[in-house]
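The values are calculated or read from the model by the stated rules, or taken from the named source; none is laboratory data. Everything quoted here is computed from the prediction, not taken from an experiment. No Cβ is skipped: glycine too gets one built from the backbone with ideal geometry, and neighbour counts run over all protein chains shown. To get the accessible areas, we keep the full protein, side chains included, count just its heavy atoms, and leave off ligands, DNA and RNA. Shrake-Rupley method; radii C 1.70, N 1.55, O 1.52, S 1.80 Å.
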Amino acid sequence: MYSQGLIGADGRTEETPEFLAAFQARVDAEQKIEPNDDMPEGYRRTLVRQIGQHAHSEIVGMLPEGNWITRAPSLRRKAALLAKVQDEGGHGLYLYSAAETLGVTRKQMTEELLDGRAKYSSIFNYPTLSWADIGTIGWLVDGAAIMNQIPLCRCSYGPYARAMIRVCKEESFHQRQGYEIVMTLARGTPEQKAMAQDSLNRWWWPSIMMFGPHDADSQHSDQSMAWKIKRFTNDELRQKFIDATVPQAEFLGLTIPDPELKWNEEKGGYDHGPIDWDEFWRVVKGFGPCARDRVAARKKAWDDGEWVREAALAHAEKRRARKLAVAAE
Amino acid sequence: MTGEVPLWEVFIRPRNGLSHKHVGSLHATDEVMALQAARDVYTRRGEGNSIWVVPSAAITASDPDQAGENFEPGEKIYRHPTFYDIPEQVGHM
Ligand SMILES: [Fe+2]
Ligand SMILES: [Fe+2]
């Protein structure tokens, strides 16, 4: 799903000016950087953090939706939601593998998520209160993820770019199945339409916060742009998203919960009202309505799975020993 | 036993007639689980009809610092057909 503007980037690096200039020249020439290539420590660290956050977001993002699989209103919806949630698990795995090429282990990343050192997208700390939320998440949250992730397919780091190409191919289905759910509700009974509107009211602002702080307030963003980890600024991506989404809401006869939203002829895009950044930081720092539940659910899965991991390793060891014994006969 | 679940590289053949191509990696305790996981992670939409899994530790890679010596053999342009001047009317084979 769901990369978010990187939280807490740190592009500091200590290489010689010659080394940094040579690296920058490669990036400027649009050459991809591959795992064993020399790279500035700041580049490596930024990517480890960003890809890790992105992977965690995919995995934690399975929770609010997984919550509705058993209650999906029809077999068609259930099959689609199951497939979508399974895709998100896959996205997490592609991304963890991409991060591992930078010398961090899966275990380290998992531990950092569970002990709160690593962040994930703030959007998943909100609850899914109604079936309409499953539609809205697909429409807005996967939609925002698409805006964010398409430029990442051209990221300078090869393994991340390749993972994003696979991810982007799958996101389009997520967004469309979500929009179809919201459309069905918006064209249904007055109660169903009200459900869709209520859901849009709750998810709109968190969705546009997914692009991260305003450009003026996002430190280190320039370095990520120079290294071509990022191709567009947070505000540019947010603007694209709003411009694409407002007509989609109008088509449904739903109202975006922003009284200051209006078309600006001069810039050829919508102006929007102020974003509540205090709320954003509260949620990022783990004070969102569901933050405790999310991490607790991941921790439970990790702890409950321990005996399975141990048994699988023991079984593999036993098979290896048996093979050796047969070979020695 | 180290407690770390080993890493595997996954190769998929999109269809008969094409080579297996590297698609990514995954963790699994043995080759049976690696194949099963590769199927779940990398072939959810008909991406292929055959999977190879190889322990990542079994791969020996060339050194990127020697890419210059290895892959840019200087001015050996005489290895390419365009190096040779042949009149147009002779045609190509
Ligand atoms: Fe995803
Ligand atoms: Fe998604």
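One table, with the values for the structure above:
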{"quantity": "Test item: B:22-30 mean partner chain Cβ contacts at 10 Å", "calculated": "6"}
{"quantity": "Pairwise FRET efficiency - A:ASP215 versus A:GLU15, Cβ, R0 = 25 Å, nearest 0.05", "calculated": "0.40"}
{"quantity": "Segment A:224-329: relative contact order as a whole-number percent, Cα under 8 Å and 6+ apart", "calculated": "11"}
{"quantity": "Within a Gaussian network of chain A (alpha carbon springs, distance under 10 Å), most fluctuating of A:LEU152, A:LEU114, A:LEU129", "calculated": "A:LEU129"}
{"quantity": "Listed residues A:ASP276, A:ASP198, A:ASP142, most fluctuating in chain A (Gaussian network, C-alpha, under 10 Å)", "calculated": "A:ASP276"}
{"quantity": "DSSP loop trypsin sites (Lys or Arg not before Pro) with at most 13 other Cβ within 10 Å: longest gap in chain B", "calculated": "B:46-75"}
{"quantity": "Tensor-based shape of segment A:197-329 (alpha-carbon gyration tensor, a/c under 1.5 rounded, otherwise prolate or oblate)", "calculated": "prolate"}
{"quantity": "Protein accessible area in segment B:7-86, 1.4 Å probe - carbon and sulfur %", "calculated": "55"}
{"quantity": "Calculated from backbone phi, Karplus (6.51, -1.76, 1.60) coupling profile of segment A:108-119 in Hz, x at Gly/Pro", "calculated": "4, 5, 4, 4, 5, 5, 6, 9, x, 5, 8, 9"}
{"quantity": "Relative contact order (percent, whole number), segment B:7-86, Cα cutoff 8 Å, 6+ residue spacing", "calculated": "31"}
{"quantity": "Between 0 and 90°, nearest 10: helix B:31-42 axis offset from chain B longest Cα axis", "calculated": "70"}
{"quantity": "Overall form of segment A:227-291 per C-alpha gyration tensor (a/c, 1.5; a/b vs b/c)", "calculated": "oblate"}
{"quantity": "Of every Cα-Cα pair in segment B:18-93, the percent that sits beyond 16 Å", "calculated": "70"}
{"quantity": "Exercise: per-residue mean of other protein chain Cβ atoms within 10 Å, A:94-105", "calculated": "2"}
{"quantity": "Spacing of the two label points (7 Å from each Cα toward its C-beta) at A:GLN86 and A:ALA311, in nm", "calculated": "2.3"}
{"quantity": "Heavy-atom accessible area order for B:THR43, A:THR255, largest first, 1.4 Å probe", "calculated": "A:THR255, B:THR43"}
{"quantity": "Computed E for A:ALA321/A:ALA226 - FRET, C-beta separation, R0 45 angstrom, nearest 0.05", "calculated": "0.30"}
{"quantity": "From phi via Karplus (6.51, -1.76, 1.60), per-residue ³J(HN,Hα) for segment A:172-185 in Hz, x at Gly/Pro", "calculated": "4, 4, 4, 5, 5, 5, x, 4, 4, 5, 5, 5, 4, 5"}
{"quantity": "Computed [θ] at 222 nm, helices only, for chain A once each DSSP H run of length n ≥ 4 contributes -39500 (n - 2.57)", "calculated": "-20500 deg cm²/dmol"}
{"quantity": "For chain A: relative contact order, % (alpha-carbon pairs under 8 angstrom, 6 or more apart)", "calculated": "21"}
{"quantity": "Theoretical gain in end-to-end length, A:ASP198 to A:ASN264 [0.36 nm per residue, Cα-Cα removed]", "calculated": "21.1 nm"}
{"quantity": "10 Å binning of all Cα-Cα separations within chain A, expressed as whole percents from 0 upward", "calculated": "5, 24, 31, 22, 11, 4, 1, 0, 0"}
{"quantity": "Residues B:THR43 and B:PHE71, FRET efficiency given R0 of 25 Å [Cβ-Cβ distance, rounded to 0.05]", "calculated": "0.20"}
{"quantity": "Segment B:ALA58-B:GLN89, length gained on full extension (0.36 nm per residue, minus Cα span)", "calculated": "5.9 nm"}
{"quantity": "Spatially proximal aspartates and glutamates relative to A:LYS32 (Cα-Cα < 12 Å; intrachain offsets below 8 disregarded)", "calculated": "none"}
{"quantity": "Fully extended contour minus Cα-Cα distance, from A:ARG154 to A:TRP281, at 0.36 nm per residue", "calculated": "42.8 nm"}
